[in-house]
Amino acid sequence: MSPFAKMVAAALTPVMKAAGFRKRGMHWWIESKETFGFLNVQMSQFGPSFYLNLGVFLKGLKEDPPLNAHKCQVRYRVENLMPDRAAAHALFDFDRGGFEDDERLELVAAAVRDYALPFLHQCATLDGVRTAIRSKPEIGNYTSFDGMVFLGLKSPKS
């Protein structure tokens, strides 16, 4: 694990633990009656930047939930929930100036508290997932076809 990944994980672990999430490696998850919510730190292969991936696994559609965000029916990134994507890209790239490491990590933790956790808590129910997709249709573009049909947001014949 890169030193950057270790710093990000160390900054996020207390935030995620306080929100009731469990941790395995660079993955955090929480289970509700109808879904599993995931947050995953993905380091870029091109340098010291990273992505915060979100995933929602819809129980009832498949039996065996993954332990990571990228195999969920609903996938999204924290940067897409933030109002300024350019600022989010700068924040999530250790090569970009303007931040001391401690300040950057505090802002990353704040982004998770302010954007990722509300999204994942909303998606703890199927109605919440539907509402999230209806209020921000772009999320539907990152939702599997089977997931959209299961949620009643697409016809199986589409």
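The table that follows gives values for the structure above.
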| item | result |
| --- | --- |
| Long-range neighbours under 9 Å by Cβ, at least six apart or interchain, first residue touching a residue at least 40 places away in the same chain (Cβ under 8 Å) and within 12 Å of residue 73 (Cβ to Cβ) within segment 134-158, second hydroxyl-bearing (Ser, Thr, Tyr) and buried (at least 17 other Cβ atoms within 10 Å of the Cβ) | 139/76; 142/76; 143/76; 151/143 |
| Segment 132-158, subset aliphatic (A, V, I, L, M) and outside any helix (DSSP H, G or I), residue farthest from residue 59 (Cα to Cα) | 153 |
| Residue that is farthest from residue 145 (Cα to Cα) [pool: residues in segment 76-98 that are touching a helix residue (DSSP H, G or I) at 6+ places or on another chain (Cβ under 6 Å) and either aromatic (Phe, Trp, Tyr) or crowded, with 16+ Cβ neighbours inside 10 Å (or both)] | 94 |
| Among (1) closer than 18 Å to residue 123 by Cβ; (2) part of a loop (DSSP other than H, G, I, E, B) - the single one residue 47 does not satisfy | (1) |
| So residue 107, is it within 12 Å of the chain's Cα centre (by Cα) and of a type in the set (A, V, I, L, M, F, W, C) | no |
| Matching residues in segment 1-22 - criterion: being among the charged types (D, E, K, R) and either touching a strand residue (DSSP E or B) at 6+ places or on another chain (Cβ under 8 Å) or part of a loop (DSSP other than H, G, I, E, B) (or both) | 17, 22 |
| Test for residue 117: is it touching a residue at least 24 places away in the same chain (Cβ under 8 Å), crowded, with 16+ Cβ neighbours inside 10 Å, in a helix (DSSP H, G or I) and more than 14 Å from the chain's Cα centre (by Cα) | no |
| Residue within segment 9-18 that is in contact with an Asp or Glu (Cβ under 8 Å, 6 or more places away or on another chain), at pLDDT 95 or above and farther than 22 Å from residue 138 by Cβ present | yes |
| Filter result (of a type in the set (Gly, Ala, Ser) and crowded, with 16+ Cβ neighbours inside 10 Å) within segment 120-143 | 124, 128, 132, 140 |
| Close pairs (6 angstrom Cβ cut-off, 6 or more residues apart or separate chains): within 24 Å of residue 62 (Cα to Cα) in segment 27-50, in a strand (DSSP E or B) and polar (S, T, N, Q) anywhere | 27/40; 40/53 |
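Residues are listed down the side, and each one gets a yes or a no for (1) under 14 Å from residue 51 (Cα atoms); (2) out of contact with any Cys (no Cβ under 8 Å at 6 or more places or on another chain):
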| residue | (1), (2) |
| --- | --- |
| 69 | yes, yes |
| 119 | no, yes |
| 129 | no, no |
| 135 | no, yes |
| 150 | no, yes |
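The values are calculated or read from the model by the stated rules, or taken from the named source; none is laboratory data. Only a predicted model underlies this, so the values are computations on that prediction, with no experimental measurement involved. Heads up, the Cβs are rebuilt from the backbone with ideal geometry, glycines too, and the neighbour counts pull from every protein chain shown.
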